[in-house]
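Below is one structure, written out as structure tokens, with a few remarks after it.
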Amino acid sequence: MNKYSIQDNTIDSVDLKCLVVSKGVKVANNVYKVYSKTHRLGVNPLMCNCMILSDGTIVQLTDMGFHLRYLTGILSWDNLKLLKYASELETPFSLRLHEGKAALFYREELVDFVSFPPRNEFYFQKTSSGLKFIGNAVLQGLDWVAFQCLWPCEYAAAGKPCEYCFFGGQFETMARKNKPLPDPVGAGDAAEIVKYAVERCGCNSVQITGGSTFDYKREYQLVVSYLEAINSLVGRENIKGEILLYITPPRDLKIIDEYFKLGADRIACSIEVWDENLASTITPGKINFTTRERHLAALEYISGKYGPGKAFSNFIIGIEPFESLKEGATRLAQRGIMPTASVWMPMGRPVNGSMQAPGVEYYQKVKELFAELYRKYGLEPPKSRGLNVCIERDIWNYSGQGQMSGD
């Protein structure tokens, strides 16, 4: 794992990934010109660009210029709101050509030379029904095809979105303006996207995510339809990695058994913020509608029946104090539930009145904590070549266990 010196601080690749994800990057136009024809790099923020550090660590590449213009449009932010947070949205990172290669800089300091995934045509495809791939699914790193929001979030439409969620902001705005919410993506369309990603783009793992729902039976029907369509069109045996499900904790926990029977490898009922006072503001729907108790009941059911690491809960790293995060992550790990770590991207919507990410010391404490928990309780994250924003596999590799498991 690489070591870097930034302003006299020594950090590693996990630390650098956290900083870059949370701060974004200014990308020079000539980087796009040189690499976009041969690599998976485009100016559309929906393409979920990433870059690869010289040691193989995969990092979300959010070009702040394009990203903020996109958000201004979809969230109808006015210039005053942007100006209010302008000082918090400054990034010290830039991506430029240096000695003929793409290079990451911290201010004027060269940090590392980087590369990008090879180009494919994923984002230019449509399904047989005419649904565009772009805007409905993304490729992450080299292994993953991910659906970020296969069906609308009903909590957001009811005025209780998670503060950090891009999609939640959209659904809340649509509902407030009395606009109809979009229909769920069809199961056949989702299966076609997975098939293309597996057969044409080298993906081996699938992430299925929808919005939080009030009707757990309807969500069950949706999830089953996607898994059955993928099994039928692609074949579970042809997905060599994992299928991860992010679900609303159902009232009937036996529903979860069906998901595992249909090929799910792990299931998340994500808590995201452990401190319940903060969570009531940041994730109000999950606290008020689902309740913390339902989340824990579902996670403990999965862990108890299917073993350590089969249940997991995402935490949004950077939006709550370290001590409360430590308490929650430890509580879950002790019960065989994997705490996973998604770095907060503050350049979307203000959270708890701020768009200011923490400093590197916070991320270093998180890295050490999660590495210890994974070792102590035998919790191994999915093997993969990179999720752009999540750092649990990077932490596993940092801890030295990646070498032992063949990474």
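The values are calculated or read from the model by the stated rules, or taken from the named source; none is laboratory data. Keep in mind that this is a model prediction, so the values were computed, not measured. Cβ atoms come from the backbone with ideal geometry, glycine included; neighbour counts cover every protein chain shown.
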The lone condition Met174 fails out of (1) assigned to a loop (DSSP other than H, G, I, E, B); (2) modelled with pLDDT under 95 is (1)
I'd like to check which helices (runs of 4 or more DSSP H) are fully inside region 293-407 and have at least 1 residues that are modelled with pLDDT under 95 and among the hydrophobic types (A, V, I, L, M, F, W, C). 401-404
Condition (residue is among the β-branched types (Val, Ile, Thr), assigned to a helix (DSSP H, G or I) and modelled with pLDDT of 95 or more) applied to region 211-224: is it met by at least one residue? yes
In region 121-133, anything closer than 19 Å to Met51 by Cα and within 21 Å of the chain's Cα centre (by Cα) is listed as Phe122, Tyr123
Take Ser225 and decide whether it is touching a residue at least 12 places away in the same chain (Cβ under 8 Å), in contact with a Ser or Thr (Cβ under 8 Å, 6 or more places away or on another chain) and within 27 Å of Glu272 (Cα to Cα). no
Among the residues of region 121-146, the number that are surrounded by fewer than 18 Cβ atoms within 10 Å (Cβ to Cβ) and assigned to a strand (DSSP E or B) is 2
Please note which strands (runs of 3 or more DSSP E) are completely contained in region 1-118 and include at least 2 residues that are modelled with pLDDT of 90 or more, among the β-branched types (Val, Ile, Thr) and surrounded by 15 or more Cβ atoms within 10 Å (Cβ to Cβ). 58-60
Close pairs (7 angstrom Cβ cut-off, 6 or more residues apart or separate chains): over 19 Å from Leu46 (Cα atoms) in region 166-177, among the polar types (S, T, N, Q) anywhere: Thr173/Ser76
Going by what's in this entry, would Arg236 be described as among the basic types (Lys, Arg), at pLDDT 95 or above and farther than 22 Å from Pro381 by Cβ? no
Within the group Pro249, Pro284, which residue is in contact with a His (Cβ under 7 Å, 6 or more places away or on another chain) and on the phi < 0 side of the Ramachandran plot? Pro249
Test: Pro161 is in contact with an Asp or Glu (Cβ under 6 Å, 6 or more places away or on another chain) and not hydroxyl-bearing (Ser, Thr, Tyr): yes
Verdict on Tyr196 being touching a residue at least 40 places away in the same chain (Cβ under 8 Å), hydroxyl-bearing (Ser, Thr, Tyr) and surrounded by fewer than 21 Cβ atoms within 10 Å (Cβ to Cβ): yes
